Amino acid sequence: MTGRRRSSSPRALGTAALTAAVTAVCTSLISGCGVIPGTSGDSDDPVVVMTWAPEGTEATNMPGMPAMAKTYAQWINSKGGINGRPLKVLTCNDHNDSISAGTCAREAVKENVVAVVGSYSQHGRSFFAPLEAAGIPYIGGYGISEQEFSSPFSFPVNGGQAALLAGNGIQLAGECEKVSLVRPDTVSGDTLQRILNAGLTSGKAQKASDIRAAEDATDYTGTARTALESAGSTPVGEDGSSADTAGSADSASVSGKGCVTAALGERTETFFDSYRRLLGDADSVRFSSVLGSVDQSLVDRTGGGSGPLEGAFFTGWYPVASDPRWDPMRKVIRDFAFKDNRIDPGDAGVQTTWIAYTALTQVVEHLGNGEITARSVTSALNKGLTVDTGGLTPELNWSYENALGVQDLPRAINADVTFQVVRGGRLVSARKGFVDVGKTLESVPVA
């Protein structure tokens with residue numbers, strides 16, 4: 001299965017034209033961008049790449065992504081490298097701020113990397129400009145920034161936050177009479193309600209309440225109370241008594257089950273800690289989120305099958321972590337990073353990095369003994385090289401013909417998601433196979 005070309009959009013056409021123009025300029029002006037970052041001329045020269053992610057910050061942290069990148073390099077180099085070329089992975093901490101993100105990109109240019117691979121950063125506006133100027137491709141970003149789906153130098157492996165929220169809306173539409181969305185009070189968070197609502201309304205459900213939350217808060221009691229009330233539940237006080245809900249939504253008038261869905265990245269766990277203390281009748285509301293904000297480890301820490309996450313809904317990009325298609329990655333982690341507790345094989349960031357490096361490896365193999373440069377890698381991807389991820393995603397192909405045609409996501413080629421649910425304390429598939437949310441994304445209104 002490959003990405004599907006859908007209805008063309010002006011922005012998608014503009015992206016294709018820009019890509020062609022950049023390629024043409026680089027071809028004719030060799031002195032300007034022919035000897036671009038990441039030259040690997042001899043067949044035994046190392047293939048130098050970079051992976052970045054935030055670590056040690058007050059907001060979302062993704063230390064497992066650079067750790068997985070280093071582990072992948074150890075593994076592939078133990079096998080003789082890629083076509084005999086050693087893989088050299090540089091890492092950078094983007095600190096969840098725009099200045100550091102730009103610094104990481106400029107460091108990538110300075111170090112002559114052939115690609116930035118399997119990385120996480122919310123600050124696309126800061127890091128894409130240096131990468132584009134140097135012609136460096138961005139392969140398999142986490143999908144958190146808008147520019148990952150608009151830059152001609154971006155090659156996403158998933159549908160990003162947009163696909164997750166659209167899928168989450170579809171998943172909840174048949175289960176919830178009222179939905180509260182708790183999301184970051186950030187620029188990237190501002191689009192999430194529109195996307196979730198597109199999924200909800202495609203299933204004839206009513207639109208969600210939009211509840212903004214500080215991305216770096218240490219307590220979300222007020223936010224959780226508002227979310228529960230908006231979903232039709234009556235929160236309880238810290239002592240278990242009914243809370244004063246004067247001035248709140250009239251929960252008594254709401255029949256059926258409500259749902260609270262949270263998409264706060266790493267801070268979702270902090271939100272859930274506040275949320276669970278306010279739960280009254282557990283049957284009156286169900287929790288939901290997207291993978292990357294919640295994973296199996298949180299289910300385990302909160303009581304497993306007897307905890308408040310039993311029955312919760314989750315939407316992910318990839319198969320459940322227990323799926324045998326992840327066995328090759330798990331073996332690499334066991335063999336080369338057994339004691340590295342930063343690497344959780346169930347973490348969506350770690351999984352994305354694995355898939356991104358799988359793509360990089362197939363590109364370098366495709367180029368054979370030829371020169372490995374940022375330009376040659378970009379050209380191979382743009383000319384229709386198909387990447388097989390072993391069923392973890394559909395086959396990936398970034399040629400124009402395979403673009404989804406979604407106006408705000410002209411670089412997206414994969415709009416498949418998976419529906420998951422907690423049963424018996426384990427995240428399991430709620431529906432067999434992938435769910436294509438491409439048409440739902442097409443219906444998202446432009447802001």
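List of remarks:
- Taking the protein heavy atoms of region 47-126 in the context of the full set of protein chains, the accessible area attributed to carbon and sulfur is 47 percent at 1.4 Å.
- Under Karplus coefficients 6.51, -1.76 and 1.60, residue-wise ³J(HN,Hα) of region 212-217 in Hz, glycine/proline x: 7, 9, 5, 5, 10, 5
- Working from label points 7 Å from Cα in the Cα-to-Cβ sense, the residue 388 to residue 306 distance is 4.7 nm.
- When each of 110/339; 178/439; 70/383; 383/432; 204/257 is checked by Cα-Cα distance, pairs over 27 Å: 110/339; 70/383; 383/432
- For region 288-337, the Cα gyration tensor yields ellipsoid semi-axes of 24, 13, 9 Å (square root of five times each eigenvalue, largest first, whole Å).
- In this structure the amide hydrogen of residue 412, modeled in the peptide plane, comes within under 5 Å of the amide hydrogens of 404, none closer than 5 places in sequence on its chain.
- Candidate aspartates and glutamates for bridging to residue 79, where Cα separation is under 15 Å - those fewer than 8 sequence places away on the same chain excluded: 44, 335, 365
- Accessible solvent surface per residue of region 280-410, calculated while the other protein chains remain in place, 1.4 angstrom probe, Å²: 37 Å²
- The charge dipole of region 38-158, taken about the Cα centre with unit charges on the Cβ atoms of Lys, Arg (+1) and Asp, Glu (-1), comes to about 260 debye, rounded to the nearest 20.
- Scalar couplings 3J(HN,Hα) for region 168-174, obtained by applying the Karplus form with A = 6.51, B = -1.76, C = 1.60 to θ = phi - 60°, are 4, x, 5, 4, 7, 4, x Hz; x denotes Gly and Pro.
- Accessible area per residue for region 47-153, computed on protein heavy atoms with a 1.4 Å probe, is 31 Å².
- In this label model, residue 335 and residue 221 are separated by 5.1 nm, measuring between points 7 Å along each Cα→Cβ vector.
- Hz values of 3J(HN,Hα) by residue in region 289-304 - Karplus curve (6.51, -1.76, 1.60), Gly and Pro given as x: 6, 10, 4, x, 8, 9, 9, 4, 4, 5, 4, 5, 5, 9, x, x
- Volume per residue that the Cα convex hull of region 281-434 spans, once the total is divided by residue count, Å³: 145 Å³
- Whole-percent carbon and sulfur share, accessible surface of region 156-206, 1.4 Å: 46 percent
- Over 18 Å [Cα-Cα, region 369-414], rounded percent: 39 percent
The values are calculated or read from the model by the stated rules, or taken from the named source; none is laboratory data. Bear in mind the structure is a predicted one, so any value in this text is a computation, not a measurement. Cβ: placed from backbone, ideal geometry, glycine included. Neighbour counts: every protein chain shown. The accessibility values were calculated without ligands, DNA or RNA, using every heavy atom of the protein model including side chains. Shrake-Rupley method; radii C 1.70, N 1.55, O 1.52, S 1.80 Å.
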